[in-house]
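The values are calculated or read from the model by the stated rules, or taken from the named source; none is laboratory data. Predicted model, so just to flag it, every value in this text is computed and none were measured. Here the Cβ positions follow ideal geometry from the backbone for every residue, glycine too, while neighbour counts run over all protein chains shown. Accessible surface areas use protein heavy atoms only, side chains included; no ligands, DNA or RNA. Shrake-Rupley method; radii C 1.70, N 1.55, O 1.52, S 1.80 Å.
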Amino acid sequence: MARVPKVLAEYAQRRGFAAEVTAVERPSPSLLRIAFHSPSLRSRDVSPCDVTAFRVGENDFRHYTPESHDPDAGTVTVVVHDHGRTDAPGLSLIESLAPGSEVVWCGLDSARGFRWTSPSAALAMGDASTLGLMAALTEQANAESTRLLVAVETEPPDREYVTGLLPEAVVLPAAEEPGAALDEWLGEAGERIRSLAPRVAYLAGHGGSIQRQRQALRTRHGLDRRAVRTQPYWATGRTGL
Ligand SMILES: Cc1cc2nc3c(=O)[nH]c(=O)nc-3n(C[C@H](O)[C@H](O)[C@H](O)COP(=O)(O)OP(=O)(O)OC[C@H]3O[C@@H](n4cnc5c(N)ncnc54)[C@H](O)[C@@H]3O)c2cc1C
């Protein structure tokens, strides 16, 4: 629901819930971490892959993924990639937030087909926009003793922070071309993927990269089509997904 008629945008916002920003951090040069609090976050389950949408204009929304959820405190954190583009209303909204700001969370659900299914072993791949998702998947996998291999690419100055955030993950310095670092890793990771034997692969982030990686997982690594779940987060030259 990135762009919808105004009447639907208003309906979505009315059905949402207000959350107050309690903290804003920039833990590394191109990442922002926002903490929200709401009584509505106390009474609900949040699964990895659940996402919300923030209204950024009359007709427009942008999507974000919880990184962590504390149901007792009613808090959620979100990690946002500062992708540096101007004329980007989602990033402008995020950068305008300060403790005390209020944002309406329009929904908190997973997209059909891209949700946690408690696999015994899983692979997850993504870029800087997916770090919250990767942290949430890691927490859930640890809680369920799922064997999870995460591979992410991040802007080089963020690599140290991301390695601390995802200590078990493969953290690659992103090249200029989105997805190129992950493509290269996939080309070399045959043995690691074979020994993991993932039941599910979660691919999120840049749309074009996900398509290439899905193809590589199927043709080079032998994963079944139904085992590869994809969720594009952004696409070159397109606004909002
Ligand atoms: C289900 C879902 C969950 C998401 N969760 C998160 C999340 O937790 N954290 C997060 O950071 N993002 C997340 N995203 C991605 C985020 O919604 C997009 O990056 C969105 O385009 C940002 O909106 P914007 O207004 O800043 O930029 P837009 O107005 O949408 O785009 C402006 C320009 O910036 C480019 N652009 C947009 N995003 C990126 C990027 N990440 N890197 C490089 N170029 C980009 C576009 O191609 C376009 O040219 C999610 C997206 C989806 C669909």
Residue match in segment 163-178 (condition: among the charged types (D, E, K, R), touching a residue at least 60 places away in the same chain (Cβ under 8 Å) and under 22 Å from residue 81 (Cα atoms)): no
Meets criteria (open to solvent by 40 Å² or more (accessible area, probe 1.4 Å), out of contact with any Leu (no Cβ under 9 Å at 6 or more places or on another chain) and under 22 Å from residue 114 (Cβ atoms)) for residue 60: no
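With respect to residue 100, is the statement that it is over 22 Å from residue 193 (Cβ atoms), more than 8 Å from the ligand (Cβ to nearest atom) and modelled with pLDDT under 95 true? Break it down stepwise before answering.
Details: over 22 Å from residue 193 (Cβ atoms): yes; more than 8 Å from the ligand (Cβ to nearest atom): yes; modelled with pLDDT under 95: no.
It is false that residue 100 is over 22 Å from residue 193 (Cβ atoms), more than 8 Å from the ligand (Cβ to nearest atom) and modelled with pLDDT under 95.
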Qualifying position, being surrounded by 19 or more Cβ atoms within 10 Å (Cβ to Cβ), modelled with pLDDT of 95 or more and closer than 17 Å to residue 126 by Cβ, among 55, 33: 33
Residue in segment 224-241 that is farthest from the ligand (Cβ to nearest atom), counting only those that are charged (D, E, K, R) and open to solvent by 60 Å² or more (accessible area, probe 1.4 Å): 224
Residue that is more than 15 Å from the ligand (Cβ to nearest atom) and part of a loop (DSSP other than H, G, I, E, B), where the choices are 73, 23: 73
Residue within segment 161-178 that is in contact with a Gly (Cβ under 9 Å, 6 or more places away or on another chain) and closer than 20 Å to residue 110 by Cβ present: no
Enumeration of residues in segment 109-141 that are under 24 Å from residue 195 (Cα atoms) and free of Cβ contacts under 8 Å to residues at least 24 places away in the same chain: 141
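One line per residue, one yes/no per condition, for (1) under 19 Å from the mean Cα position of the chain (by Cα); (2) near the ligand (Cβ under 9 Å from one of its atoms); (3) under 19 Å from residue 15 (Cβ atoms):
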position	(1), (2), (3)
77	yes, no, no
82	yes, yes, no
92	yes, yes, no
109	yes, no, yes
Hits in segment 1-20 (condition: within 16 Å of the ligand (Cβ to nearest atom) and under 26 Å from residue 70 (Cβ atoms)): 12, 16, 19
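Restrict the check to segment 130-142 and report whether at least one residue is under 24 Å from residue 110 (Cα atoms), of a type in the set (D, E, K, R) and within 13 Å of the ligand (Cβ to nearest atom). If you could, list the steps in order and put the result at the bottom.
Step one: filter segment 130-142 for residues under 24 Å from residue 110 (Cα atoms), giving 130-142.
Filter once more, keeping what is of a type in the set (D, E, K, R): 139.
Next, only the ones that are within 13 Å of the ligand (Cβ to nearest atom) stay: none.
Among the residues of segment 130-142, not one is under 24 Å from residue 110 (Cα atoms), of a type in the set (D, E, K, R) and within 13 Å of the ligand (Cβ to nearest atom), which makes the answer no.
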Where a residue in segment 207-225 is hydroxyl-bearing (Ser, Thr, Tyr) and its partner, wherever it lies, is open to solvent by less than 90 Å² (accessible area, probe 1.4 Å) and in a helix (DSSP H, G or I), with Cβ under 9 Å and at least six apart: 209/180; 209/182; 209/183
